[in-house]
Amino acid sequence: MTKPESLVCINGNFVPPEEAFVSVFDRGFLYGDSVYDVTLTYEGIPFLLDSHLDRLESSAQKIAMEIKWKREELTKLIYKGVNKLEGDRHYIRIIITRGGGEIGLDPNLSDGQNLFLIFKELEPYPIEWYQKGVSLVTTEIMKTPKKAMDPSVKSGNYLNNVLALQKAKEKGAYDAVMLNHLGNVTESTSANIWLVEKGTFKTPPLSAGILGGLTRKSVLQIGREQGLEMREIDFNAETLRQADEVFITSSTREILPITKIDGKPIGKGIPGPYTKTLHNHYSNFVKQIIQEEKTKAIKSGLIK
Ligand SMILES: Cc1ncc(COP(=O)(O)O)c(C=O)c1O
């Protein structure tokens, strides 16, 4: 029997994507009252799964939601899904909503949480993105302030990011740079932002109001291990435009060079040497982690 390329798991039941439906009364659908996380597989192994589940738990905690599935149950379901799939590169989205119930904002109306796992084949991104870099534009759509909806929570509230991306696409750019109320750079609509200035790597601190990206965290660690200068520091859009190199980081895209911002080239307008070297180090890190996770998964019977 051929294996599917994509699959959904709803509250523990695996169904084909075309049969995966959510109730119109689900609070995730009505209010964005949900948390989620995204990881991917390399060689059929979910990457940094524990760290992604840690972040999911932390997101849930920050919206006063106690996840009703145990870590082991989630891990087993995720491996079960991955093992059912064709290929060895997949996108995995883990969503937990506060559930359905009577319509009303009050979270106490919830009749219990819902868990959704979406698995789909992860097509490789166009190689030109990495060879030539992609473009960003700054946007007037502000990042949600920490005191409104903390961007460190990976929640179902992405509408201003959606609108910022829409604006970027209208201008022919790949993504948008979102600023905070102080005019400092936060992140793109779905990735963390970095610049390189005279060999020093800079990325906005968590206090700027950003998602604590796991790729960001890995890159900070890898860079420091390599003796590179890595700083978490606030900067504005002009500093970003004047940088020698700029790149964004996310789990699925890894390290993606940015060669144009607001129509102007960054540095020489081609991916820079620091970005490329860091990406090589990151690729080695991925290989090492996958080997470790594979050994762990075999030992605990999650894969054969
Ligand atoms: C708003 C935002 N920032 C940053 C990231 C990057 O996070 P990670 O490196 O953990 O994938 C994401 C990823 O989805 C995101 O949605």
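The values are calculated or read from the model by the stated rules, or taken from the named source; none is laboratory data. In this text the structure is predicted, and so the values were computed from the model without any measurement. Heads up, the Cβs are rebuilt from the backbone with ideal geometry, glycines too, and the neighbour counts pull from every protein chain shown.
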So Gly223 clears everything in (1) of a type outside the set (Ser, Thr, Tyr); (2) out of contact with any helix residue (DSSP H, G or I) (no Cβ under 7 Å at 6 or more places or on another chain); (3) in a helix (DSSP H, G or I) except one condition, right? Which one?
(2)
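Here's the yes/no breakdown for (1) of a type in the set (S, T, N, Q); (2) under 23 Å from the mean Cα position of the chain (by Cα):
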position	(1), (2)
Thr2	yes, no
Leu7	no, yes
Asn13	yes, no
Pro17	no, yes
Phe21	no, no
Val24	no, no
Gly28	no, yes
Tyr31	no, yes
Thr39	yes, yes
State yes or no: is Ala297 small (Gly, Ala, Ser), modelled with pLDDT of 95 or more and not assigned by TED's automatic domain parsing to the domain that holds Ile222?
yes
Within region 63-177, strands (runs of 3 or more DSSP E) holding 3 or more residues that are of a type outside the set (S, T, N, Q) and under 30 Å from Lys294 (Cα atoms):
90-97, 114-121
Taking the residues in region 193-220 that are in contact with a Phe, Trp or Tyr (Cβ under 8 Å, 6 or more places away or on another chain) and assigned to a loop (DSSP other than H, G, I, E, B) as candidates, determine which candidate is farthest from the ligand (Cβ to nearest atom).
Gly199
Phe47 passes all but one of (1) among the aromatic types (Phe, Trp, Tyr); (2) out of contact with any Lys or Arg (no Cβ under 6 Å at 6 or more places or on another chain); (3) over 14 Å from Val82 (Cβ atoms); which number fails?
(3)
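Considering region 29-47 alone, what residues qualify as being over 27 Å from Ile298 (Cα atoms) and within 16 Å of the ligand (Cβ to nearest atom)?
Gly32, Ser34, Val35
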Out of the residues in region 174-192 that are more than 9 Å from the ligand (Cβ to nearest atom) and free of Cβ contacts under 8 Å to residues at least 40 places away in the same chain, state the one that is farthest from Ser207 (Cα to Cα).
His181
